[in-house]
Amino acid sequence: MSSFSDTFLNMDVLARYAPSILKGVGVTILLSVLIVLTGVVVGTLLACLRSFRVRLLSFFIVVFADIFRALPPLVLILLAFFGLPNIGVVLTSFTVLYLVLALVLAAFAEEIVWAGITATPKGQWEAARSTGLGYTQTLGYVVLPQALRMVIPPLTNRAIAITKMTALGMVIGVPDILGQATTAQSFSANASPLTLAAVAYVVIFLPLVVLSRWLETRFSRGAA
Amino acid sequence: MITDRPTLELRGLHKSFGADPILRGIDLSVARGEMVFVLGPSGSGKSTMLRCCNRLEEPDSGEIFVEGKPITGTGVDLNGMRQRIGMVFQSFNLYPHLTALGNVTLAMRRVQKKPRAEAETRALDALDRVGLKAKADSYPAQLSGGQQQRVAIARAMALEPSVMLFDEPTSALDPELVGDVLAVMREVRAEGMAMLVVSHEMKFAREAADRVVFVDGGVIVEQGTPEEVFERPREARTRAFLGRISE
Ligand SMILES: Nc1ncnc2c1ncn2[C@@H]1O[C@H](COP(=O)(O)OP(=O)(O)OP(=O)(O)O)[C@@H](O)[C@H]1O
Ligand SMILES: [Mg+2]
């Protein structure tokens, strides 16, 4: 029993490394916020562009969305971090992680919002156009607000799944929660920092998971 | 000049979907303050004809004039034109995320660029005329079908069109809610609008229509006053249709 607590809940180790893991919490939260904002905004814009049905443009959007949804994010992260410097683009590990995950989320968000746009009844377009609203106005004032409401549950779930992947930053040395915890673990030769990291993830993500559950019931009721 | 032209005028309207000819030369005019009813079997092209009138469908050939001005062909300001032609749909098509007031003000604010206060004053006035001023802050989901349809009529009327198109405005309503909508349509006509109505409300057509048009196979088979068409139909196809629906 005491060897268990020495390994996973060693108070000396916890006290020593708590401050650096707390810094990691800040990094994880900052990254998550940036990734969600960028991913959702870019994904929504791409879905809107796609609704104009310009062949070539739609083709590139679909190719982007499919590739970024198909590849494991870790592959993209390693490729960007170790590959880009060879062509003269040197980015910090933080920036690489941010860009890759934001683009992955954008790819999923594009598909999700697009599904919402196409699921909006044709009669909504016709009613708006019949009162003189233009295509873009109809999209912005009538269709998109309904589409976004419809897709809030899947979008929230996807956003949570992808922000959790910030933990992948460890492999390129991002000082997020897991990055700080693994460093502390190797210095202290003790798993307690990882315990603390797990606690930190639960504290950050559990409320989001609960929120998504609430959104799901709320918006599925509204849609019915 | 403009005054002696009908408010809405269709000349030689043709429309096909793929190889199927749906409209095969429709000539029709509706004067100011006139309510014209369109009857015809399912699939005869009634909705298509109506939808050509504000170019939700693009006619293949033929011309349409509103207040004497052509609205077909190229170089027409589509969105400007559509504000002079209100449309009411079978399924209401209210915007579910906006209140009744929001539904009515949207086009006034975004297309006509009226300031918020002015748009709201006019919208409340329009809602008042359909008897729903008290429901201005309700969302469509909180309204009955009949109330939703009246809000939809207010939404179209608030833009002060000169033509109103109705595509089966009461077909989706419970029978006890139909009367309120028809009452509002009488009001609309009293305001001097030219009205083109596709509907199966025969009783209402008899009482309120100035003219009844029977469409079948993409052409106008026969038209006249309700009395003429209902009591003394000249064409066999009209008689057959009326016989079928009165059963
Ligand atoms: N967008 C479209 N593409 C292809 N065919 C269409 C389209 N819209 C209508 N049609 C066809 O055109 C024909 C006429 O349709 P329309 O809706 O104008 O008939 P209607 O007289 O309004 O019938 P109903 O009384 O059932 O409403 C139908 O056969 C229909 O299937
Ligand atoms: Mg129809």
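Data table
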item: Using alpha-carbon coordinates, inclination of helix A:192-223 to the longest axis of chain A, degrees; result: 20 degrees
item: List A:Val62, A:Val100, ordered by accessible area with a 1.4 Å probe, largest first; result: A:Val62, A:Val100
item: Residue of A:Ile29, A:Ile117, A:Ile67 that the Gaussian network model of chain A assigns the largest fluctuation, springs spanning Cα pairs under 10 Å; result: A:Ile67
item: Whole-number percent relative contact order across the stretch A:2-218, with pairs defined as alpha carbons under 8 Å at least 6 apart; result: 34 percent
item: Sorted peptide list for A:49-55, B:130-136, criterion being average Cβ within 10 angstrom, highest first; result: B:130-136, A:49-55
item: Between the stretch A:99-172 and the stretch B:126-205, the alpha-carbon center distance in angstrom; result: 34 Å
item: B:Asn79/B:Ser138 FRET efficiency (R0 30 Å; Cβ-Cβ; nearest 0.05); result: 0.60
item: For B:Tyr139, solvent-accessible area (1.4 Å; no DNA, RNA or ligand), Å²; result: 100 Å²
item: Within a Gaussian network of chain B (alpha carbon springs, distance under 10 Å), most fluctuating of B:Ser42, B:Ser162, B:Ser199; result: B:Ser42
item: Dipole in debye (nearest 20) - the stretch A:2-218, about Cα centre, beta carbon charges: Lys, Arg +1; Asp, Glu -1; result: 600 debye
item: Electrostatic dipole magnitude of chain B [Cβ: Lys, Arg +1; Asp, Glu -1; Cα centre; debye, to 20]; result: 560 debye
item: Square roots of five times the Cα gyration tensor eigenvalues for the stretch B:1-125, Å; result: 29, 18, 14
item: Listed residues B:Ser138, A:Gly169, A:Ala65: farthest to the positive end of the dipole of the protein assembly as shown (Cβ charges); result: A:Gly169
item: Cα lying deepest toward the dipole's positive end in the stretch A:2-218, options A:Leu206, A:Gly140, A:Thr195, charges on Cβ; result: A:Gly140
item: Acute angle (nearest 10 degrees) that the helix A:11-51 long axis makes with the longest principal axis of chain A, alpha-carbon atoms; result: 10 degrees
item: Tilt relative to chain B, helix B:100-110 - C-alpha long axis, 0 to 90 degrees, to 10; result: 90 degrees
item: Estimated translational D of the protein assembly as shown in µm²/s (Stokes, Kirkwood radius over Cα pairs; 10 °C; 1.306 mPa s); result: 60 µm²/s
item: Peptides B:49-59, B:166-176 ordered by average Cβ neighbours within 10 Å, highest first; result: B:49-59, B:166-176
item: Equivalent ellipsoid semi-axes, chain B, via Cα gyration tensor eigenvalues times 5, rooted, Å; result: 29, 22, 16
item: Sequence of A:Thr38, A:Thr28 when ordered by accessible area, the most exposed leading, probe 1.4 angstrom; result: A:Thr38, A:Thr28
item: Prolate/oblate/rounded call for the stretch A:19-120, Cα gyration tensor, a/c under 1.5 rounded; result: oblate
item: Where the Cα pairs of the stretch A:2-218 fall when distances are cut into 5 Å bins, in %; result: 1, 7, 13, 14, 15, 14, 11, 9, 6, 4, 3, 2, 1, 1, 0, 0
item: Mean residue ellipticity (222 nm) of chain A, computed from DSSP H runs ≥ 4 via -39,500 (n - 2.57), nearest 500; result: -26000 deg cm²/dmol
item: Shielding by partners, peptide B:86-94 (average Cβ within 10 angstrom, other chains); result: 4
item: GNM top mover of A:Lys23, A:Lys164, A:Lys122 - chain A, alpha-carbon springs below 10 Å; result: A:Lys122
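The values are calculated or read from the model by the stated rules, or taken from the named source; none is laboratory data. Keep in mind that what you see is a predicted model, and the values were worked out from it rather than measured. Note that each Cβ is placed from the backbone with ideal geometry, even for glycine, and that neighbours are counted across all protein chains shown. Quick note on the areas: whole protein, heavy atoms, side chains included, nothing else; ligands and nucleic acids left out. Shrake-Rupley method; radii C 1.70, N 1.55, O 1.52, S 1.80 Å.
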